[in-house]
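The values are calculated or read from the model by the stated rules, or taken from the named source; none is laboratory data. Here the structure is a predicted model, which is why all the values come from computation and not from measurement. Heads up, the Cβs are rebuilt from the backbone with ideal geometry, glycines too, and the neighbour counts pull from every protein chain shown. SASA here: full protein model, heavy atoms, side chains in, ligands and nucleic acids out. Shrake-Rupley method; radii C 1.70, N 1.55, O 1.52, S 1.80 Å.
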Amino acid sequence: MSERPRLTVLSGPSGVGKSTVVAHMRKAHPEVWLSVSCTTRKPRPGEKNGVQYHFVDDDQFDKLIANGELLEWATFAGNRYGTPRLEVLRRLESGEPVLLEIDLQGARQVRESMPEAQLVFLAPPSWEELVRRLTGRGTESPEVIEERLTTARVELAAESEFDTTLVNTSVEDVAAELLALMRVV
Ligand code: ADP
Ligand code: 5GP
């Protein structure tokens, strides 16, 4: 396996802890570059434009697609999400470790367009724990939680499409495993 940093894709069902793990990892290793996606979803309390996401409207998202500016994009739970292409390629070219935190549909697109990418699946310790985390986060309505759990069943069934599975029992452990996979430590 190459020692050169390469593109790493982190996916897993909503609520499994992807953002938590990535934030923990980047606190200790800010040199890991996380792509900031564009989304038509409305910001959650505390989310800032340009930090968690670039928050755009439907027309702006249409233009990003039409102009070929997205490396991949998908509709997830009624909103569109996409990865700006240019910055990802620029960072990879300069040799930085690059991380995408995207859904299953996006991971499949990246596997097609960049087969050298490493696909990592973050799995919950159990279905019950996933439901508890998604509900406990308290950021979504019961309807949206239900929609995300329906999607989660589909996503969990796709685990074998990924190169590696990490089970998110301990945030510290998973963050360390991810850093090792990215050859950062
Ligand atoms: P995602 O980004 O995958 O949608 P989040 O990072 O928002 O998920 O995490 C969902 C919830 O689960 C949050 O409330 C978070 O604090 C909690 N969580 C994340 N990882 C763990 C863990 N290892 N153990 C317990 N709770 C966790
Ligand atoms: P959330 O609304 O909870 O922030 O994200 C919902 C889902 O969209 C998560 O599974 C997240 O990984 C995914 N997501 C975030 N950004 C992107 C993106 O740029 N592309 C794709 N395909 N999925 C994304």
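Computed over the chain, relative contact order equals 36 percent, with contacts defined as Cα pairs under 8 Å that lie 6+ residues apart. Note on the chain: with neighbouring protein chains present and a 1.4 Å probe, carbon and sulfur make up 53 percent of its accessible heavy-atom surface. Averaged over its residues, the chain has an accessible area of 52 Å² per residue, based on protein heavy atoms and a 1.4 Å probe. Taking amide H as placed 1.01 Å from N in the peptide plane, Tyr53 has its amide H under 5 Å from the amide H of Lys48, each at least 5 places away in sequence or on another chain.
Using heavy atoms of the protein chains and a probe of 1.4 Å, the accessible area assigned to Glu96 is about 50 Å². Using only the Cα atoms of the stretch 66-182, build the gyration tensor, take square roots of its eigenvalues as a ≥ b ≥ c, and label the shape rounded, prolate or oblate: rounded if a/c is under 1.5, else prolate if a/b is larger than b/c, else oblate. Verdict is oblate for the stretch 66-182. Within the shell defined by Cβ-Cβ distances under 9 Å, the residues around Ser11 carry a net charge of -2, with Lys and Arg each +1 and Asp and Glu each -1. Once both labels are positioned 7 Å from their Cα atoms along Cα-to-Cβ, the gap between Thr164 and Glu147 label points is 3.3 nm. Pairs of Lys residues in the stretch 8-181 are counted when their Cα atoms are under 20 angstrom apart and they lie 8 or more places apart or on different chains; the count is 5.
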